[in-house]
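The values are calculated or read from the model by the stated rules, or taken from the named source; none is laboratory data. If you're wondering where the values come from, they're calculated on a predicted model, not measured in any experiment. Note: ideal-geometry Cβ built from the backbone for every residue, glycine included; neighbour counts use all protein chains shown. Side chains are part of the model used for accessible areas, which takes the heavy atoms of the whole protein and leaves out ligands, DNA and RNA. Shrake-Rupley method; radii C 1.70, N 1.55, O 1.52, S 1.80 Å.
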Amino acid sequence: MSLSTKPLSGMRQRLPGEFRIEKFVTETLCLSSVRAGFEEYDGPVIEPLGLFAAKSGSELVGRQSYCFKDRGGREVILRPEMTPSLARMVAAQGELQLPVRWFSTPLCYRYERPQRGRVREFLQFNLDILGSENLAAELEVILVLQGIMKSFKAPSSIYRIGWSSRRFMSDALARCGVTKELTGGVFSAIDKRDKMKADAWADFLLGACGGNSVVARQVISLVSVEFLSDPWLMDLMSGSSAFQEVVEFNELLQGVGIPSAVFSPGVVRGLDYYTGIVFELMDTGGENNRSLCGGGRYDNLVGLFGNKKISGVGFGLGVLTLTLFLETYKLIPDSVREAAPADVYIAVASSDATAAAGLLAASIRDEGIRVMMDVSGKKLGKQFSEASRYGIPFVVTVGPDEVETGEYKMKNLSDGKIFTGSLAEITGRLK
RNA sequence: GUGGGUGUAGUUCAGUUGGUAGAGCCCCUGAUUGUGGUUCAGGUGGUCGCCGGUUCAAGCCCGGUCACCCACCCCA
């Protein structure tokens, strides 16, 4: 009985070609963050279960987590997300200069059935600002998000940043006549609106509203609102500070001019800890059905660790979902997809020249040039094939003749021309 | 956890009413013994996912099982 050649279901395994693409994506994310003054951090993969039990949501922790007892009998969990760890790190710092602007690309784990864009071990880019209650913080993270999309050269027509506010929606639902007990159910009903047929959804919502059709009609009006200046909405929300905040944030977005950001009362977000403005990033085409990114303001997370009240705002972005999005719109550059592993290949004409070839390889490498030396021992033609397959542009041949004369032949594989020269002349050419 | 689909060469797939397993690509060898790509000639490679049943005979029919994919739930 031999071992399986497959990794555990949903676990991450990357061949060099795939890894190169993933690396391109994460490095671009990193660059966009650094450009906005954010600093990178990291946290533990294994956390105490209690860290997530409090605020992340029962579904996430109860059914979709890798949790177990360690050898010390502690209930532990492979982190399903990063934000609670971040909140703890910030809470533990006595004299941290606030606000902090941090980002990270942690591996996270969720025990769910794998499907397109969803696996069990995944990279989730996180970017947060903690310690600012100013709406400028929301604006800043959305600006970074937009900057990320720009740096991938994604035109604003192919994605949409839908945003709303938890506080506003709770207030609005109350004013529509939804009781406190029913609010949660109505929220999740709203979340499902785009996934159901209109009639079926209306029935579903009616159920969530406790069968009260007057209330249900009000809720339908609410989520159908497209503009904040809607007279019905302004009448409903008169005197609401949450509504005022939404209007204010909308003005900020208008002022900056972010065409892809759209007020969408239907955006609710799943995680329990969000309190204020929430947003998500969606593909406007039908290819990638799930949100690529979700985020918002969370006011009470740091408070779990003591008396400090530090408000945060940030988002999580799935590296895999983003990569699928980029693939769909052909936004992964060919230079990344087809990158050669070396600048020059050293072909060894006969085995007695191996030491000389090694010496040559080392001295060219010292100049910062990427050199792949043949280790196959195959005949010369095969070595050229190998270089060609790798996409390496130059081949230098080393054999008894070269060892004797110190003159090397370098072939340019794209035009077939051969250059002859000393080691210094060869490296000069390659630089 | 629920529903649907697919399992045949390294890979993508074809395989007729049940009759001894096929193609493209890849890979290997040679034409070219110190120079790749193109071309040409040849070649390797299969427990048809697994177990059982029906049959003279099963890749094909039936039952079970496992794996993967897709959708739902949830979420990045």
Item to check | Built amide H within the under 5 Å cut-off of A:T397, gap 5+ | outcome: A:A347, A:K409, A:K411
Checklist outcome for this item: Per-residue ellipticity at 222 nm attributable to helices in chain A (runs of n ≥ 4 DSSP H, -39500 (n - 2.57) apiece, nearest 500 deg cm²/dmol) works out to -12000 deg cm²/dmol
Item to check | Förster-model FRET efficiency, 51 Å R0, A:V262 and A:L8, C-beta, rounded to 0.05 | outcome: 0.80
Checklist entry - Taking K and R as +1 and D and E as -1, what net charge do the other residues with C-beta under 14 Å from the C-beta of A:G17 add up to? => result 0
Checklist entry - Which value, in Å³ per residue, describes the convex hull spanned by the Cα atoms of chain A? => result 225 Å³
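Suppose all protein chains stay in the model; what accessible area per residue would a 1.4 Å probe give for the stretch A:171-278, in Å²?
For the stretch A:171-278, the solvent-accessible area averages 52 Å² per residue.
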Item to check | Furthest towards positive pole of dipole, A:M372, A:T354, A:F419, structure part the stretch A:347-431, Cβ charges | outcome: A:M372
Checklist entry - DSSP beta bridges in the stretch A:340-430, what fraction antiparallel, as a percent rounded to 5? => result 50 percent
Item to check | Accessible surface of chain A, 1.4 Å probe, proportion on carbon and sulfur as whole % | outcome: 52 percent
Item to check | Surrounding net charge for A:G421, when Lys and Arg each add one and Asp and Glu each subtract one, Cβ distance under 15 Å | outcome: 0
Item to check | Sum of side-chain charges, A:G43 neighbourhood, beta-carbon under 9 Å (Lys, Arg +1; Asp, Glu -1) | outcome: 0
Next on the checklist: Using each residue's phi in the stretch A:152-165, evaluate 6.51 cos²θ - 1.76 cosθ + 1.60 at θ = phi - 60° and report the 3J(HN,Hα) Karplus result to the nearest Hz, with x for Gly and Pro.
Outcome noted: 8, 6, 8, x, 5, 6, 9, 9, 9, 9, x, 9, 7, 8
Checklist entry - If you take the beta carbon distance between A:K308 and A:S156 as r and set R0 to 41 Å, what does 1/(1 + (r/R0)^6) give as a FRET efficiency, to the nearest 0.05? => result 0.60
Checklist entry - What accessible area, in Å² to the nearest ten, does a 1.4 Å probe give for A:R175? => result 90 Å²
Checklist entry - Considering only chain A, what is the antiparallel percent among its DSSP beta bridges, to the nearest 5? => result 80 percent
Checklist outcome for this item: For the stretch A:316-431, the convex hull over Cα atoms projects on average to an area in nm² of 9.4 nm²
Next on the checklist: Quick check: pseudo-label points 7 Å beyond the Cα along Cα→Cβ at A:D191 and A:N300, how many nm apart are they?
Outcome noted: 1.7 nm
Item to check | Gain in span if fully extended, A:L98 to A:E18, counting 0.36 nm per residue against the direct Cα distance | outcome: 25.0 nm
Item to check | Spacing of the two label points (7 Å from each Cα toward its C-beta) at A:E251 and A:S335, in nm | outcome: 4.4 nm
